[in-house]
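Quick notes on the structure that follows.
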């Protein structure tokens with residue numbers, strides 16, 4: 001009676017063979033193919049984006065081929081039949097509330113192929129910002145404030161505004177200050193000079209300022225400058241901002257009790 005409800009022993013062997021081949025293929029892709037693609041791309045070009053793109057494409061192709069080889073090795077049927085079953089399963093999954101998970105996976109695929117950002121870039125999305133530490137199919141991990149790990153759903157990064165502050169080997173830093181209108185021009189010159197004095201701030205492009213808005217009879221001054229990609233953005237921004245505020249107090253551009261109005265962006 002019990003045997004009637006249990007699959008044939010051969011099915012267990014086929015499933016075991018499928019998972020063994022699939023895991024072997026994934027390990028081979030991760031440990032051999034992707035590093036080899038990275039090295040090959042790095043030798044031909046210093047463009048980090050191109051290197052990352054090739055590595056992702058090779059990784060996705062390797063995973064797909066691992067799946068095909070696992071099916072063939074386990075003799076579980078042709079690819080068309082299996083893909084049809086997977087499509088039907090995904091349709092049912094969406095109907096049972098997995099719509100968000102599926103959208104995250106789709107978004108992850110497009111992030112890996114379009115490369116709006118890559119590992120090591122500094123991005124800002126909503127209330128979160130930090131260095132990209134890992135990009136997976138369902139989520140992206142960034143190093144947030146106080147070195148905490150922040151996991152962002154990939155769908156959020158493709159459907160909401162996201163800023164990538166890294167360009168090539170350098171990262172843009174932005175800060176904002178509220179300064180009395182009559183003293184704004186003097187402050188702009190001071191801010192650019194203090195930013196340039198920090199050894200971590202790149203000389204080219206030079207630090208720049210702009211008047212972004214007028215609030216409560218104060219000019220909102222935006223300061224932008226570039227640092228090396230490997231430098232700590234939050235640390236540099238904090239140090240530069242502190243130097244600017246302290247110097248502004250000495251020059252009587254801002255009052256000491258008002259310095260909390262100035263904020264980083």
Between residue 19 and residue 149, what FRET efficiency comes out of the Förster formula 1/(1 + (r/R0)^6) with R0 = 35 Å and r the beta carbon distance, rounded to 0.05?
0.70
Suppose R0 equals 41 Å. What FRET efficiency, 1/(1 + (r/R0)^6) with r the Cβ-Cβ distance, do residue 36 and residue 128 give to the nearest 0.05?
0.75
So how much slack lies between residue 208 and residue 159, counting 0.36 nm per residue of separation and subtracting their Cα-Cα distance, in nm?
14.6 nm
Would you give the gap between the C-alpha center of the range 209-254 and the C-alpha center of the range 105-180, rounded to a whole Å?
22
How far apart, in nanometres, would the label points at residue 231 and residue 197 be if each is projected 7 angstrom from Cα along the Cα-to-Cβ direction?
1.5
Going by a ≥ b ≥ c, the root eigenvalues of the Cα gyration tensor, does the range 122-166 fall in the rounded group (a/c under 1.5), the prolate group (a/b larger than b/c) or the oblate group?
oblate
Diagonalise the Cα gyration tensor of the range 103-227 and give the resulting equivalent ellipsoid semi-axes, square root of 5 times each eigenvalue, largest first, whole Å.
33, 17, 12
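Using the beta-carbon distance between residue 138 and residue 28 and R0 = 25 Å, what value does 1/(1 + (r/R0)^6) give for FRET efficiency, to the nearest 0.05?
About 0.65, to the nearest 0.05.
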Give me the one-decimal nm value for the distance between modelled label points at residue 239 and residue 167, 7 Å along each residue's Cα-to-Cβ direction.
2.4
Which shape class applies to the range 207-255: rounded if a/c is under 1.5, otherwise prolate when a/b exceeds b/c and oblate if not, where a ≥ b ≥ c are the square roots of the Cα gyration tensor eigenvalues?
oblate
Once the Cα gyration tensor of the range 169-264 is found, what semi-axes does its equivalent ellipsoid get, as square roots of 5 times the eigenvalues, in whole Å, sorted largest first?
23, 13, 12
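Quick note: the coordinates plus some simple rules give every number you see, no bench work behind them. A quick note: this is a predicted structure, and the numbers were derived from the prediction, not measured. Cβ atoms come from the backbone with ideal geometry, glycine included; neighbour counts cover every protein chain shown.
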